[in-house]
1. With (1) more than 20 Å from N275 (Cα to Cα); (2) buried (at least 18 other Cβ atoms within 10 Å of the Cβ); (3) modelled with pLDDT under 95 as the list, and A152 as the residue in question, which single condition is left unmet?
2. What are the residues in segment 320-332 that are farther than 17 Å from A93 by Cα and buried (at least 20 other Cβ atoms within 10 Å of the Cβ), if any?
3. Here are some conditions: (1) surrounded by fewer than 19 Cβ atoms within 10 Å (Cβ to Cβ); (2) under 19 Å from the mean Cα position of the chain (by Cα); (3) farther than 21 Å from G367 by Cα; (4) in contact (Cβ under 8 Å) with a residue 12 or more places away in the chain. G95 meets all but one. Which one does it not meet?
4. On the given criteria, is I271 part of a loop (DSSP other than H, G, I, E, B) and closer than 22 Å to E115 by Cα?
5. Determine whether segment 117-138 contains at least one residue that is touching a His at 6+ places or on another chain (Cβ under 9 Å), farther than 21 Å from S212 by Cβ and either aromatic (F, W, Y) or assigned to a loop (DSSP other than H, G, I, E, B) (or both).
6. Which of the residues spanning segment 215-239 are of a type in the set (K, R) and crowded, with 22+ Cβ neighbours inside 10 Å?
7. What's the total number of residues in segment 296-329 that are among the acidic types (D, E) and under 14 Å from the mean Cα position of the chain (by Cα)?
8. Looking only at segment 103-146, which residues are within 18 Å of D192 (Cβ to Cβ), surrounded by 24 or more Cβ atoms within 10 Å (Cβ to Cβ) and of a type outside the set (V, I, T)?
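The values are calculated or read from the model by the stated rules, or taken from the named source; none is laboratory data. Computed from a predicted structure; not experimentally measured. A quick note on method: Cβ atoms are made from the backbone with ideal geometry, for glycine too, and the neighbour counts reach across all protein chains shown.
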Amino acid sequence: MSADGTRTPIDATEPGGRADLLERVNDVIYPRALKAMFRIPPEQIHRIIAAAIRICGRFAVTRWLVGRVLAVHDPILTSTVFGVRFPGPLGLAAGFDKNAEGADTWGALGFGYAEVGTVTAIAQPGNPAPRLFRLPADRALINRMGFNNHGAGAAAHRLTTRRVLSGSPGAVPIAANIGKSKVTPLDEAVEDYLISARLLGPLADFMVVNVSSPNTPGLRDLQAVDSLRPILAAVTAAVNIPVLVKIAPDLADEDIDAVADLAVELGLAGIVATNTTISRDGLRTPRADVEAIGPGGLSGAPLAPRSREVLHRLYGRVGGRLAIISVGGLESADDAYARIRAGASLLQGYTGFIYGGPLWTRRIHQGIARRLRADGFASLAEAVGADVAEGAS
């Protein structure tokens with residue numbers, strides 16, 4: 001993908017060194033299929049795709065067949081971050097698998113891990129529809145879903161009944177992303193988060209505390225250090241797995257620094273940066289169309305510049321003490337590798353997966369592996385923050 005968001009042709013530098021059959025299918029057939037899918041309401045097509053993913057995960061043979069095509073098994077991509085082993089750095093961002101229904105399938109689809117949720121203590125329907133909108137000219141989405149999910153108890157049940165258990169072939173780490181229930185007052189947020197943490201902590205590989213969605217009233221107020229401290233301290237004490245916090249791209253730089261310092265103080269494992277943005281700057285979609293959509297969080301390509309800025313700031317502040325998961329506008333192997341060299345230990349995507357097609361994860365993982373070897377690295381971990389180290393030398 002070029003800097004201006006247009007699709008670049010496959011050449012000898014792309015996975016496999018040539019435009020093989022799968023690449024052609026992805027580049028020729030998928031864009032046409034995407035146009036057809038975009039004629040269907042967003043949530044309806046999401047339900048169809050989610051159902052297909054669930055069905056794929058039910059059978060070992062379908063998981064194996066899909067994994068043979070999409071999963072990249074390359075030792076140079078394997079890393080251990082906050083004590084968890086990841087077969088690849090690119091994971092599925094929260095928001096796609098809200099109810100942990102596809103946990104058995106994400107590894108076969110080529111992801112190195114998946115973050116399920118956001119899950120809340122109390123099941124909730126979310127905001128009224130329409131609440132999910134496409135901006136194809138920007139390769140972006142706007143959502144105001146409002147943490148629609150079946151509740152932490154239902155997610156815990158699904159994770160308990162997983163067919164592909166941690167440590168078995170094809171398994172990838174699963175993170176539980178937890179948020180505040182809409183009906184819970186802000187002054188009762190700690191206990192609300194604890195309900196989800198206690199249910200999901202024994203079943204997930206790591207946990208992400210979400211205080212940064214723009215679609216739950218007052219939630220972003222919890223990013224203030226005085227409000228955030230008791231939540232993170234309580235969740236960290238309640239679970240025996242690594243805990244991370246997910247922050248908004250719209251935070252002022254000094255507030256990012258304050259959250260990073262708090263995360264270090266409390267012994268968190270890392271920071272997920274960033275969530276969706278409320279900014280609408282620089283969009284190609286006509287302003288009138290964007291205004292007609294209304295409020296919500298923007299994800300996709302327009303978020304990339306700010307996501308990279310936050311990554312650079314965080315690594316400069318806490319690099320080496322906290323792991324950083326970079327998410328927001330990730331589309332290409334070039335961008336993925338640049339973020340690793342800038343300090344990201346892990347990466348995530350969601351909107352890029354929708355626009356990039358089924359080979360998206362494979363292309364990015366293969367591209368990272370190729371770039372690591374070209375630069376003389378023996379492992380992915382060696383490349384994390386390499387550009388910062390070189391700049392300081």
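1. Exception for A152: condition (3).
2. L322
3. Unmet condition: (1).
4. no
5. yes
6. None; the set is empty.
7. Qualifying residue count for the region: 0.
8. G117
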